[in-house]
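Every read-out reported here was derived from the displayed coordinates using simple, explicitly stated rules and does not represent laboratory data. Since we're looking at a predicted model, the values are computed, not measured. Ideal geometry is used to build each Cβ from the backbone, glycine not excepted, and the neighbour counts take in all protein chains shown.
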Amino acid sequence: MFRVTREIDFCYGHRLLNYEGKCRHLHGHNGKAVITIEAPTLDNRGMVLDFGDIKQVVSTWIDENLDHRMILHRDDPAVGALTELGEPLYLIDQNPTAESIAQLIYNFTRDAGFPIVEARLWETPKCYATYTE
């Protein structure tokens with residue numbers, strides 16, 4: 001098997017519901033998504049996939065949907081106030097943990113037609129979550 005990996009840096013904010021630690025408060029991260037694509041053979045160019053294709057599709061989606069946004073559970077009580085203030089939000093159906101954001105990125109990449117095998121979200125320089133199927 002051949003694999004290629006693309007890193008995508010972005011900034012986001014979130015908070016965790018039903019959590020007693022300090023992450024229950026609104027806060028931000030300088031995150032890094034790491035997308036790994038796999039194929040058993042190379043294309044006629046000798047590539048699994050052009051890195052530029054990943055950038056054009058996945059990086060653009062992250063820039064337009066997650067970068068500099070608060071990623072929140074759609075039932076978070078802060079949604080109304082932040083919406084009223086005009087803050088950019090991305091709402092999801094589960095707690096916006098590193099694990100669920102990694103899964104979100106994985107699912108988008110898969111649904112865009114890329115043969116993804118792993119999405120990793122670095123929440124801090126020392127902590128990451130990984131999602132694979």
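Full extension of the chain segment joining GLU38 with LYS22 gains 2.0 nm, where the gain is 0.36 nm per residue of separation less the Cα-Cα distance. Axis of helix 98-111 versus longest Cα principal axis of the chain: the two differ by about 40°, to the nearest ten degrees. Among GLU118, GLU87, GLU99, the residue with the largest mean-square fluctuation in a Gaussian network model of the chain, with springs joining Cα atoms closer than 10 Å, is GLU87. If the segment from VAL57 to ARG110 were pulled out straight at 0.36 nm per residue, it would be longer than the present Cα-Cα gap by 18.0 nm. The relative contact order of segment 40-133 comes to 20 percent, based on Cα pairs under 8 Å that sit 6 or more residues apart. Highest GNM mean-square fluctuation among GLU123, GLU20, GLU38, for the chain modelled with Cα contacts below 10 Å: GLU20.
Each stretch of four or more DSSP H residues adds -39500 (n - 2.57); spread over every residue of the chain, this sum gives -6000 deg cm²/dmol at 222 nm.
When you work out D = kT/(6 pi eta Rh) for segment 2-127 at 37 °C and 0.692 mPa s, using the Kirkwood radius from C-alpha pairs as Rh and the Stokes-Einstein form, the result is 212 µm²/s.
Amide hydrogen proximity for GLN94: with H placed 1.01 Å from N in the peptide plane, the residues at 5 or more positions away or on another chain lying under 5 Å are ARG74. The charge dipole of segment 2-127, taken about the Cα centre with unit charges on the Cβ atoms of Lys, Arg (+1) and Asp, Glu (-1), comes to about 340 debye, rounded to the nearest 20.
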